[in-house]
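Computed from the coordinates by the stated procedures, all read-outs in this text should not be read as laboratory data. All of these numbers come straight from a predicted model, not from anything done at the bench. Positions of Cβ are backbone-derived with ideal geometry, glycine not excepted, and every protein chain shown enters the neighbour counts.
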Amino acid sequence: MDLRRLRCFVAVFEERNMTAAAERCFITQPSLSTAIKQLEAELGLALFVRHKRGVDLTDSAHQLYPLARQLLAQAEQLPALFHARQRRLKVKLANFHDLSPVRLARFLGQCQQQEPRLELDLWDHDQPGWDARVTLDVFKGEQELFLPLWEEDYRLCVPEDHPLADKDSVGIAELNDFPFIECAACEAHQQTLSLLASAGFSVDLVAKAAHKTQVRHLVEAGVGISFLPSGVLEGSRRLTAVPLEAPRMFRRIGLCFAADEANSDALRPLLAAAKAFA
């Protein structure tokens with residue numbers, strides 16, 4: 001469909017006069033008449049009835065008019081649409097699993113507020129090729145920078161009907177008689193096991209998991225008790241968090257990125273959001 005012919009049709013439809021429509025389209029009247037005839041031939045129907053005073057509209061013209069206006073409007077929007085896409089700042093952002101979903105969503109929202117042109121492409125934490133990561137400070141590389149975002153305290157987690165659930169706090173010795181679920185490579189878990197060992201207690205390890213969410217599922221299933229960061233506990237209605245009488249255990253989450261990319265346009269809104277995040 002020739003858009004030039006549709007513009008001529010719309011002009012004639014709205015002006016009801018060939019001469020006025022030709023002036024509006026900045027073409028001669030014979031050229032306008034030719035365009036209308038070609039459109040009528042393409043559609044196989046008559047659009048106008050011509051007479052000395054101007055033109056009358058056929059039913060087909062009334063039917064075509066809203067469709068023609070819609071097509072022309074969409075065609076006019078295309079350049080602006082693709083121009084806007086070219087101006088977007090694309091960032092591949094990876095995030096560590098088992099983070100606080102509430103705080104992560106708030107950080108992403110603040111990034112978007114800093115730069116409306118930002119186009120975030122969220123990646124898995126272990127997938128290579130990212131521009132930046134929301135991750136734990138322990139994963140920062142030698143050539144990377146780390147901007148802290150928030151901290152998550154570890155809590156002793158037990159099912160709601162567990163004997164420890166009603167206690168105001170729990171001493172390290174009280175964990176001796178209960179089965180424990182361990183998360184691989186977790187500093188808080190290793191610290192707890194060391195505290196128990198130094199107190200002369202053995203630990204009944206009944207299960208292990210690779211991720212904190214998996215640990216949560218095992219505790220909710222009643223397999224054992226464990227320690228989980230506060231972010232992983234968000235949304236859980238089956239667990240009770242009990243304070244432990246021991247040194248504070250926590251993890252620090254922040255924005256991690258290559259040092260030589262700190263001044264890039266794409267990362268600037270993320271850095272601004274990280275510095276303002278609280």
For Leu39, Leu57, ascending order of other Cβ atoms within 10 Å (fewest first) is Leu57, Leu39
Note, Glu144: beta-carbon cut-off 11 Å, +1 each Lys/Arg, -1 each Asp/Glu, net -2
Starting from the Kirkwood radius over alpha-carbon pairs of the range 3-86, derive D by Stokes-Einstein at 10 °C in a medium of 1.306 mPa s and give it in µm² s⁻¹. 118 µm²/s
Using a Förster distance of 22 Å, the FRET efficiency for Glu42-Ala20 (Cβ separation, nearest 0.05): 0.40
Filtered GluC sites (Glu not before Pro), the range 178-224: DSSP coil and at most 10 other beta carbons within 10 Å: none
In the list [x] 25, 21, 19; [y] 70, 22, 14; [z] 32, 22, 18, the entry giving semi-axes √(5λ) of the Cα gyration tensor in Å computed from the coordinates is [y]
What nm distance separates the two modelled labels at Arg237 and Asp2, each placed 7 Å from Cα along Cα→Cβ? 6.6 nm
I need the fraction of alpha carbon pairs in the range 1-156 separated by more than 23 Å, rounded to a whole percent. 59 percent
Under 24 Å from the Cα of Lys37 - lysines, other chains or at least 8 residues apart: Lys52
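For the range 151-251, what proportion of DSSP beta bridges, expressed in % and rounded to the nearest 5, is antiparallel?
55 percent
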Counting Lys +1, Arg +1, Asp -1, Glu -1, what net charge surrounds Met18 among other residues with beta carbon under 15 Å of its beta carbon? +3
If Lys and Arg each add +1 and Asp and Glu each add -1, what is the summed charge of the other residues whose beta carbon sits under 12 Å from the beta carbon of Gln214? 0
So the label point goes 7 Å from the Cα of His211 along Cα→C-beta, right? Which residues of the range 169-194 then have their backbone N under 17 Å from it? 182-186
Using 0.36 nm per residue of separation minus the Cα-Cα distance, give me the extension gain between Ser31 and Asp168 in nm, one decimal. 40.4 nm
Violating pairs (Cα-Cα greater than 28 angstrom) within the set Lys90/Lys208; Lys140/Lys212; Lys92/Lys212; Lys92/Lys140; Lys167/Lys208; Lys90/Lys140: Lys90/Lys208
Honestly the range 151-251 on the Cα gyration tensor test (a ≥ b ≥ c root eigenvalues; a/c under 1.5 rounded, otherwise a/b vs b/c for prolate or oblate) is just rounded
If you average the sequence gap of Cα pairs under 8 Å that are 6 or more apart and divide by the length of the range 151-251, what percent do you get for the contact order? 50 percent
